[in-house]
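The values are calculated or read from the model by the stated rules, or taken from the named source; none is laboratory data. These numbers were taken from a predicted model, which means no experiment stands behind them. A quick note on method: Cβ atoms are made from the backbone with ideal geometry, for glycine too, and the neighbour counts reach across all protein chains shown. Quick note on the areas: whole protein, heavy atoms, side chains included, nothing else; ligands and nucleic acids left out. Shrake-Rupley method; radii C 1.70, N 1.55, O 1.52, S 1.80 Å.
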Amino acid sequence: MRKKIVAGNWKMNMTFDEGQKLTSEIVNMFKDEAVKDVTLVLNPPFPHIHPVKKLIGDTPGIGLGAQNCSDKESGAFTGEVSAKILASFGVQYVILGHSERREYFKESNELLAVKVKQALANGLTPIFCCGESLEIRTAGTHEPNVKFQLTQSLFDLSPEDFSKVVIAYEPIWAIGTGKTASADQAQEMHLALRRHISSKYGKEIAENTSILYGGSANPGNAKELFSKPDVDGGLIGGASLKSRDFIDIAKSF
Ligand code: PGA
């Protein structure tokens, strides 16, 4: 059975104190309300990694992720953080290919393929983001466009490595806009991606791949999104900065 995951992407938000408060609240609510059958993943900015890890401790069901890693192994790359460094701090996941990184930092499918390999080589689970712009959606070419992102960045992986990857489908027009994809639109795309994975890696691996939806998910729409057979959770931006909302999303399966 594939894993249900609700991952919070804090983006470039939260001071030290705010991050500590948010994490403590999330950990406490998760335990007190006995949230079950879902893995939470907190993805704070880099400086929070160590203190957030301390607060999570060994709480079962809560993981720690980063929002990016370098494509390089180590060395003179000022300002970069390698997958190896992240792993040594107890990080388990890394978001790669978020549309903001693709757009503002010009990350290409080819570069992301290298980052994915770095992550896997260091034991991190990539949360690989894909998704189309409004322009592409309007033109009706979203399906081939998003499949191509997977093909270029992931389909060089061995079946063993591919089966460690989590996918996040995030239509760009729905990110931070309050304009979520409908549950049917999400399901249609998730199914198309699962079939695409199946055509390369076979049915079993495709069936076991967690595909998360991202883009203005909130406690009000999560239940409907998560009720779809191919939606295995969410990558949550804005609503992951509020403990109550984040936990309520996690309880929406
Ligand atoms: P949002 O962001 O939930 O604020 O739309 C999602 C994301 O960018 O991962």
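Separation of the stretch 40-96 and the stretch 157-199, taken as the distance between their Cα centroids, equals 23 angstrom. When the listed pairs LYS4/LYS53; LYS4/LYS242; LYS11/LYS115; LYS106/LYS242 are checked against a 24 Å cut-off, the alpha-carbon distance exceeds it for LYS106/LYS242. With all protein chains present, how much of the accessible area of the stretch 112-201 (probe radius 1.4 Å) comes from carbon and sulfur, to the nearest whole percent? Its accessible area is 52 percent carbon and sulfur atoms. Taking the Cα centre of the chain as origin and assigning +1 to Lys and Arg Cβ atoms and -1 to Asp and Glu Cβ atoms, the resulting dipole is close to 220 debye. Highest GNM mean-square fluctuation among PHE89, PHE148, PHE77, for the chain modelled with Cα contacts below 10 Å: PHE77. Near LYS117, within a Cβ-to-Cβ distance under 15 Å, what is the net charge of the other residues, with Lys and Arg +1 and Asp and Glu -1? That sum, taken over residues with Cβ under 15 Å, equals -3.
Placing pseudo-labels 7 Å out from each Cα toward the beta carbon at PHE46 and ASP161 gives an inter-label distance of 2.4 nm. The calculated FRET efficiency for the pair THR141 and GLU33, based on their C-beta separation and a Förster distance of 41 Å, comes to about 0.45.
Helices that extend 15 Å or more along their long axis by alpha-carbon positions and average at least 0.5 on the Kyte-Doolittle scale are, among the DSSP H runs of the chain, 109-121. Inter-label distance, GLN20 to SER227: 4.2 nm, where each label sits 7 Å from its Cα along the C-beta direction. In straight-distance terms, cross-link reach from LYS117 covers every one of the aspartates and glutamates whose alpha-carbon lies under 18 Å from its own, apart from those fewer than eight places away in the same chain; here that gives ASP71, GLU73, GLU80, GLU107, ASP156, GLU160, ASP161.
Taking amide H atoms as placed 1.01 Å from N in the peptide plane, the amide H of THR39 lies under 5 Å from those of LYS4, ILE5, VAL6, each 5 or more residues away in sequence or on another chain. Using the Cβ-Cβ distance between SER199 and LYS72 with R0 = 25 Å, the FRET efficiency computed as 1/(1 + (r/R0)^6) comes to roughly 0.20.
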